[in-house]
Amino acid sequence: MTAFPTAPAPHGPHARRVGWVMTQVLLALVPGALTALAVRGPGVAVNLALCLGTAYLCEAGALSLRKRPLGPALRDGSVAVTGVLIALALPPWLPWALPVLGTAFGVLFAKHLYGGLGQNPFNPAMAAYAFLLVSFPVAMTRWPAAAAAWDGALAWKAWIGADMAWDGLTGATPLGHVRTQLALTHTLFEIAEQGGPPGARAGLLLNLAYGVGGLYLLARGIINWRIPLAVLGALALCAFSFQVIDADRYPSALFHLTQGAALLGAFFIATDPVSASTTPRGRLIYGAGIGGLVYLIRTFGAYPDGFAFAVLLMNLAVPLIDRLTIPRPYGTPDDA
Amino acid sequence: MVRVESARYGLRGGLALQPSRPEPALPFEEAPLPPLLILPLQSRAGEAALPQVQVGERVLRGQCIARLAGPWDAALHASSSGAVIAIEPRPVALHAAILTVPCIVIRTDGADSALPRLPPCDPALMDRVAVLKRLAEAGVVGLGGAVFSTAAKLACAVAAEVDTLILNAAECEPHIRCDEALLSHQAERIAQGARALAAFLGKPQVLIGLKETLDSAPLEAALTAVGMDEARIVRVPARYTAGAEDILIRLLTGREVPRAGLPTDIGCVCLNVATVAAAGDALLRGEPLTSRIVTVIGPGLARAANLVVRLGTPAADLTAACGGYTDQASQLILGGPMMGLALPDDALPVTKASQALWVASAAQLQAPQAVQPCIRCGACVEVCPVRLLPQQLHAYARSGDAAALEAHALDACIECGCCDVVCPSQIPLVQTFRDAKTELAHAQGQDHRAVWLKSRFEARAARLEQLKTLRENRHQSARDQLRREDPRARLARLKARRQTDDTPPKEGAP
Ligand code: SF4
Ligand code: SF4
């Protein structure tokens, strides 16, 4: 007789681990991060370093305060993803304290106060971004003009928070530019005649880079198609409908899909599993809600882009969405 | 011509665990007669069968050695000739657990002498009660792992007047390839059994769910040979859980078995092809069930094979027949990687429920990992074949919220394990669900018992009523049939039957 060790079923195959999944997400962000560095200058790298460092420090601090083992949580990479997403969402000319403050807020308040990984109702990266935007609206909308992006001296002054006049060195983002021009009763046609919004090419490039990363995640089965498709679909549908109504005042779907945080948001932010809906139909609703809100905020709201607020608002709705979209289990009549 | 078509309805969730192309065939042979046979008196939860033999008594192959009280309960037979040396409790693999239950132990004498076969009991000629009795007496049970009495299942099907007979040839776990051997080497047994059962059920539509990577030609030929041209072979994806009864029914017919119900509620009865072959043997050849095909496979063995195994053969004799263990052997698993049961040793016997013996290497097994919190990634939701929300179930099971578990349909979980193996946080989901089900049943113990007693009483009354109707119908239907039938067709049928009876039984060696 030969004896064998036993274990409960299932016996295989090997599952993916959280750490592997997060590594893939980080990998998929590489093209986007490199493009951001190229078009926005050295500030992107500084933000990345500050956010990542703060994220890890805060995670370790929170875990030891909560008396949890450090190893597994630090190794699973989820906090790195949060840090990187915050960094990529921030403008490059920020006093150094802001990325630190924002990340600390995201990790400590939005994540650990609710019980850590898997428990947070709000997307920590977007909570951090919204916190900074509301508290430091001026610094948070200071985007360098294309010519000044790689100016080291200016960047340095920005990081140390030097008191100086930034006018003339900064430029609006394409979304912001269109918004201001429309507010001055220019038409889109006139804007296009003047060569289009400055920085539109860079914005397009950046979005394409995030799109490539997103397709990689889809192809590897890391994220599901439902949320990104619903976000982009709803955004495009809204843009298209309004453009049909008045093409002079409402930019095209293509413009909306390739500017601002569109693809970064659809593929990397809205898909944060913890704070998103988990039912198949719920994900479509959740994604469509984000896409629709982004459009509304961009078009009628007080901010040029609205991913953070759209995601946070839909996070609020997740418990309700989940409850209303429980799939019908096999063998249950429709009305049950 | 038998129609071969692809499944009309979609498969939800599940996992692609198998190669999408046909695998090289395994050798198909008879396992050597073991010195010792261990036959458990219990095959599923419930009462143990009553021994019909005593210690020291000589038994012949096919001799009934134990039976249960119910009229449709399957009997147990000696699977070879020899002497009963003990009737004692021994550990056996029963319903996803190792339990110690009374077993009859037979020391074989090597002669393998058999009892004379019973006369045929062709459903085309005999009444339904006789057919059901024969199936129970011959010990025919579901060989797809459920080991539910086939007579009881068919009695239900008759009472519900089902319109569809489904043959399950969609085995979908890796390493389980016993039906594959049956289909390519003994397709005529399946066809004969299918014809007999179709006649018994009053000519329902016959659908055969065949895994798409298996060759349909032998079965097509066999079905045509027995005149079952109207049967349809439906190719189903080689994807895990396609072969689960409820899932296959939906895949083939679009109907869903009600949550607290049975396939007969929606007009279907579903039998594994091996069960159908065994039923055919019992009815047309008068042979009780004493052997089954078991796939013996894995990198932990010198070679792999599909073996025709006498019931009660210890696992060790089968691994020895496959050249013994290699140094890669790391676990001995009865069944496949998803639902198989890890055996603590190889002295445990093969039962009617055993489909495969898989000697796994460490590389094939999931190494134990630290469990992390659920990140709500939804991977489990995507793969659940019955559309549950495993992550919600898990949360409610942990907080012990019985009402929420009920609302999220824990009872519909088929414990397939798909959610478990895709979870990046390594949460033991299936284990949690099994425990929660047990606990719920326990908590509702009091009212459950009352309900159970009531249902038993009602079932008995229904059974008696059923028997009465069947008896009343039998003469009438036989007369009707003879009257309806064209005299020439009748002659042809009788001739055909004589031929079937003359063909030597093909049990065993190909
Ligand atoms: S697969 Fe695991 S981690 Fe993902 S939602 Fe399901 S239970 Fe949670
Ligand atoms: S074990 Fe249950 S919950 Fe998990 S996938 Fe299978 S049926 Fe769904």
Checking the condition facing chain A (nearest Cβ under 8 Å), in a loop (DSSP other than H, G, I, E, B) and either in contact (Cβ under 8 Å) with a residue 60 or more places away in the chain or touching a helix residue (DSSP H, G or I) at 6+ places or on another chain (Cβ under 9 Å) (or both), which residue from B:Val381, B:Val386 passes?
B:Val386
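Taking the condition among the charged types (D, E, K, R) and touching a strand residue (DSSP E or B) at 6+ places or on another chain (Cβ under 7 Å), does B:Glu47 pass?
So B:Glu47 does not fit the description; no.
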If I filter the stretch B:344-378 down to residues being surrounded by 23 or more Cβ atoms within 10 Å (Cβ to Cβ) and not in a loop (DSSP other than H, G, I, E, B), which single residue comes out as nearest to the other protein chains (Cβ to nearest Cβ)?
B:Ala360
Out of A:Val79, A:Val84, sole residue that is within 14 Å of chain B (Cβ to nearest Cβ) and β-branched (Val, Ile, Thr)
A:Val79
Within the stretch B:206-226, can one find any residue that is in the same structural domain as B:Leu125 (by TED's automatic domain parsing), surrounded by fewer than 24 Cβ atoms within 10 Å (Cβ to Cβ), of a type in the set (Asp, Glu) and touching a strand residue (DSSP E or B) at 6+ places or on another chain (Cβ under 8 Å)?
yes
Somewhere in the stretch B:253-271, is a residue more than 16 Å from ligand 1 (Cβ to nearest atom), surrounded by 24 or more Cβ atoms within 10 Å (Cβ to Cβ), assigned by TED's automatic domain parsing to the domain that holds B:Ser81 and part of a helix (DSSP H, G or I)?
yes
Here is a list: B:Ile414, B:Ile375. Which entry is within 13 Å of ligand 1 (Cβ to nearest atom) and either of a type in the set (A, V, I, L, M) or outside the structural domain of B:Leu17 (by TED's automatic domain parsing) (or both)?
B:Ile375
Restrict the check to the stretch A:182-198 and report whether at least one residue is more than 14 Å from every other protein chain (Cβ to nearest Cβ), of a type in the set (Asp, Glu) and farther than 21 Å from A:Tyr303 by Cα.
yes
Right, B:Cys384: surrounded by 21 or more Cβ atoms within 10 Å (Cβ to Cβ), near ligand 1 (Cβ under 9 Å from one of its atoms) and within 27 Å of A:Tyr286 (Cα to Cα) or not?
no
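Against the definition (out of contact with any Gly (no Cβ under 6 Å at 6 or more places or on another chain) and surrounded by 17 or more Cβ atoms within 10 Å (Cβ to Cβ)), how does B:Leu68 come out, yes or no?
Here the answer is yes, as B:Leu68 does meet what is asked.
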Looking for whichever is out of contact with any strand residue (DSSP E or B) (no Cβ under 9 Å at 6 or more places or on another chain), within 30 Å of A:Gln259 (Cα to Cα) and not polar (S, T, N, Q) here; the options are A:Ala15, A:Ala97. Which one fits?
A:Ala97
In the stretch B:389-429, how many residues are more than 7 Å from chain A (Cβ to nearest Cβ) and β-branched (Val, Ile, Thr)?
2
Residues in the stretch A:148-169: is at least one among the β-branched types (Val, Ile, Thr) and in the same structural domain as A:Leu263 (by TED's automatic domain parsing)?
no
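Within the group A:Thr299, A:Thr271, A:Thr258, which residue is facing chain B (nearest Cβ under 10 Å) and not hydrophobic (A, V, I, L, M, F, W, C)?
Among A:Thr299, A:Thr271, A:Thr258, only A:Thr271 is facing chain B (nearest Cβ under 10 Å) and not hydrophobic (A, V, I, L, M, F, W, C).
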Is one or more of the residues making up the stretch A:3-10 within 13 Å of chain B (Cβ to nearest Cβ), under 21 Å from A:Gly265 (Cβ atoms) and in contact with a Cys (Cβ under 9 Å, 6 or more places away or on another chain)?
no
Answer from B:Gly13, B:Gly56 - the residue that is over 22 Å from the mean Cα position of the chain (by Cα) and either in contact (Cβ under 8 Å) with a residue 40 or more places away in the chain or within 25 Å of B:Ala138 (Cβ to Cβ) (or both):
B:Gly13
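Assigned to a loop (DSSP other than H, G, I, E, B), at pLDDT 95 or above and buried (at least 18 other Cβ atoms within 10 Å of the Cβ): which single residue out of B:Ser80, B:Ser43 fits that description?
Numbers: B:Ser43 fails: at pLDDT 95 or above.
Going through B:Ser80, B:Ser43 in turn, the sole match is B:Ser80.
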Give me the pairs: first residue in the stretch A:186-208 and in a helix (DSSP H, G or I), second residue of a type in the set (Phe, Trp, Tyr) and buried (at least 16 other Cβ atoms within 10 Å of the Cβ), beta-carbon distance under 9 Å, and six or more apart or on different chains, which are they?
A:Leu188/A:Tyr250; A:Leu188/A:Phe255; A:Ala200/A:Phe255
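Per-residue answers, yes or no, for (1) surrounded by 15 or more Cβ atoms within 10 Å (Cβ to Cβ); (2) within 16 Å of ligand 1 (Cβ to nearest atom); (3) under 24 Å from the mean Cα position of the chain (by Cα); (4) at pLDDT below 85:
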site: B:Ala407; (1), (2), (3), (4): no, no, no, no
site: B:Pro424; (1), (2), (3), (4): yes, yes, no, no
site: B:Phe433; (1), (2), (3), (4): yes, yes, yes, no
site: B:Lys437; (1), (2), (3), (4): yes, no, yes, no
site: B:Ala441; (1), (2), (3), (4): no, no, no, yes
site: B:His448; (1), (2), (3), (4): no, no, no, yes
site: B:Val451; (1), (2), (3), (4): no, no, no, yes
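The values are calculated or read from the model by the stated rules, or taken from the named source; none is laboratory data. As the structure is a computational prediction, the values presented were derived from the model and not from experiment. Every residue, glycine among them, receives a Cβ derived from its backbone with ideal geometry; neighbour counts consider all protein chains shown.
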